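Student: Below: one structure in structure tokens.
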Amino acid sequence: EDFTPSAIHNFRVLCEWLGAALARAEDLQSARETSLMGEDGTLLSRRLLSRVEDLLARLAKREHFAFSALDLDIETMSDAAHAAMPKLLSAAAARSLRGTDLAFESRDGRGCCILLPGAGEEEANAAAMRLHLAMEALLAQNRLEADLRVTVRLFQKAPFLEPQIQRDVG
């Protein structure tokens with residue numbers, strides 16, 4: 001008695017709308033899982049970090065170039081700092097690092113990991129200082145508080161190259 005043709009039509013339209021919304025949500029979730037960018041779109045995805053890190057470490061060893069990484073860990077932070085952190089990390093990386101450095105979300109989501117191909121220990125330590133100072137400046141500028149720690153990991157030292165001596169053959 002209560003099922004008029006109009007009520008049935010409205011129910012069908014509502015079901016189609018819900019089905020379309022669910023399909024869009026599933027497509028969005030799938031795109032996020034396979035995206036090269038992290039969840040906030042500012043850093044590279046943490047899902048790529050291990051693969052790229054391993055690839056660069058093997059390549060550095062084979063081709064004899066320095067390779068290091070920086071791990072920026074955020075120990076404690078306010079809720080406001082937590083919300084702003086992805087944009088702050090991206091801005092600090094852009095200000096302080098070379099164009100060849102790769103900034104990823106950290107594995108635990110509490111900071112970032114920067115891969116530094118071609119950077120030995122001295123360059124990595126300098127980059128760590130620049131990154132830390134850039135983050136401190138951005139935190140102060142935005143009146144946010146967070147405790148930061150930057151750790152340097154050295155995968156491959158720069159090779160020692162002996163000077164080439166020319167010899168006359170004859």
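The values are calculated or read from the model by the stated rules, or taken from the named source; none is laboratory data. If you're wondering where the values come from, they're calculated on a predicted model, not measured in any experiment. Glycine also receives a Cβ, built like all others from the backbone with ideal geometry; neighbour counts cover every protein chain displayed. When the accessible area is computed, the model is the full protein with side chains, heavy atoms only, and any ligands, DNA or RNA have been set aside. Shrake-Rupley method; radii C 1.70, N 1.55, O 1.52, S 1.80 Å.
Student: Out of all the residues in the range 76-97, which are at pLDDT 80 or above, among the hydroxyl-bearing types (Ser, Thr, Tyr) and open to solvent by 30 Å² or more (accessible area, probe 1.4 Å)?
Tutor: Of everything in the range 76-97, just one residue is at pLDDT 80 or above, among the hydroxyl-bearing types (Ser, Thr, Tyr) and open to solvent by 30 Å² or more (accessible area, probe 1.4 Å), namely 90.
Student: Out of contact with any strand residue (DSSP E or B) (no Cβ under 9 Å at 6 or more places or on another chain), more than 30 Å from residue 108 (Cβ to Cβ), modelled with pLDDT under 80 and open to solvent by less than 60 Å² (accessible area, probe 1.4 Å): which single residue out of 23, 31 fits that description?
Tutor: 23
Student: A further question follows. Do we have residue 73 as of a type outside the set (Gly, Ala, Ser), surrounded by fewer than 17 Cβ atoms within 10 Å (Cβ to Cβ), over 12 Å from the mean Cα position of the chain (by Cα) and outside any helix (DSSP H, G or I) here?
Tutor: The answer is yes for residue 73.
Student: So residue 61 fits all but one of (1) open to solvent by 50 Å² or more (accessible area, probe 1.4 Å); (2) at pLDDT 85 or above; (3) charged (D, E, K, R); (4) assigned to a strand (DSSP E or B); what number is the exception?
Tutor: (4)
Student: Would you check which residues across the range 108-141 are in a loop (DSSP other than H, G, I, E, B) and exposed (fewer than 14 other Cβ atoms within 10 Å of the Cβ) and list them?
Tutor: Once the filter is applied, which keeps residues that are in a loop (DSSP other than H, G, I, E, B) and exposed (fewer than 14 other Cβ atoms within 10 Å of the Cβ), the range 108-141 yields 108, 109.
Student: Continuing with this model, one more query. Can you pull out every residue in the range 104-151 that is of a type in the set (S, T, N, Q) and within 22 Å of residue 49 (Cα to Cα)?
Tutor: 106, 125, 151
Student: Does residue 156 satisfy the criteria of being more than 17 Å from the chain's Cα centre (by Cα), modelled with pLDDT of 85 or more and polar (S, T, N, Q)?
Tutor: Answer is no for this residue.
Student: Sticking with this one: Please work out which one of (1) in contact with a Phe, Trp or Tyr (Cβ under 8 Å, 6 or more places away or on another chain); (2) of a type in the set (Lys, Arg); (3) at pLDDT 85 or above is the condition residue 51 fails and give its number.
Tutor: For residue 51, the failing item is (1).
Condition check ((1) touching a Lys or Arg at 6+ places or on another chain (Cβ under 7 Å); (2) at pLDDT below 90) across all residues:
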{"site": "35", "(1), (2)": "no, yes"}
{"site": "73", "(1), (2)": "yes, yes"}
{"site": "120", "(1), (2)": "yes, yes"}
{"site": "133", "(1), (2)": "no, no"}
